[in-house]
Amino acid sequence: MEINIEPGFFEWLAWYPDSLPNWLTTSELKEAKYKINQNYKPLVTANNLKDSLKETAEEFYTRNSNVLNEIIKTTTGNVLIVAHAATLDTCTRQLVGEPPRSSYELGKIIHKIPYCSLVNIEESVLSTEDKAGDSICNWTLIEPICPSVTHNKNIRFDWNVLLTK
């Protein structure tokens, strides 16, 4: 299975006030034997990110949420997103019907998300329809199908922490 590189899932840009990291290109990753989908067109490019280095916490949540929603709309079947730390919350929070967190709340929750954490979200289609006649979907955080990876300095992740208001 090929990997789609999506810069839209990058960390909060406020943590990079001067510039973004120098990322490997898809060609360089392919040369390093990663199975990269070179035909994938990112929803948010690295150049888009450069224009938003002063984003607020709410904009960070909205960026990640918008990218995930677009992927969900254009994909059938299961989707695996591999990202970093706060992205577990920023991608799922609005999808399950909660508002973005403030920068203060984000700062508090990030320390509760250790490396190699996992979350699962599950879709259930409701029998009602919206004004356009489309089925209304409801997303729920559910217990991950396997435990997060831990090591001696990595606390066990409790996925329920993302349910806090």
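The values are calculated or read from the model by the stated rules, or taken from the named source; none is laboratory data. Since the model is a prediction, treat every value here as computed from it, not as a measurement. Cβ sites come from the backbone with ideal geometry, for glycine too, and all protein chains shown count toward neighbours.
Miscellaneous remarks
- The sole residue among 20, 43 that is closer than 24 Å to residue 107 by Cβ and either touching an Asp or Glu at 6+ places or on another chain (Cβ under 9 Å) or of a type outside the set (D, E, K, R) (or both) is 20.
- Inter-residue pairs, beta-carbon under 6 Å, first more than 26 Å from residue 38 (Cβ to Cβ) and in the stretch 7-20, second at pLDDT 90 or above and surrounded by 15 or more Cβ atoms within 10 Å (Cβ to Cβ), 6+ apart: 12/60
- Screening 44, 82 for residues that are loosely packed, with under 13 Cβ neighbours inside 10 Å, closer than 20 Å to residue 12 by Cβ and within 17 Å of the chain's Cα centre (by Cα) leaves exactly one candidate, 82.
- Per this entry, residue 50 is not counted among residues that are surrounded by fewer than 12 Cβ atoms within 10 Å (Cβ to Cβ) and basic (Lys, Arg).
- Enumeration of residues in the stretch 30-59 that are farther than 16 Å from residue 83 by Cβ, of a type in the set (A, V, I, L, M) and in contact (Cβ under 8 Å) with a residue 24 or more places away in the chain: 36, 53, 57
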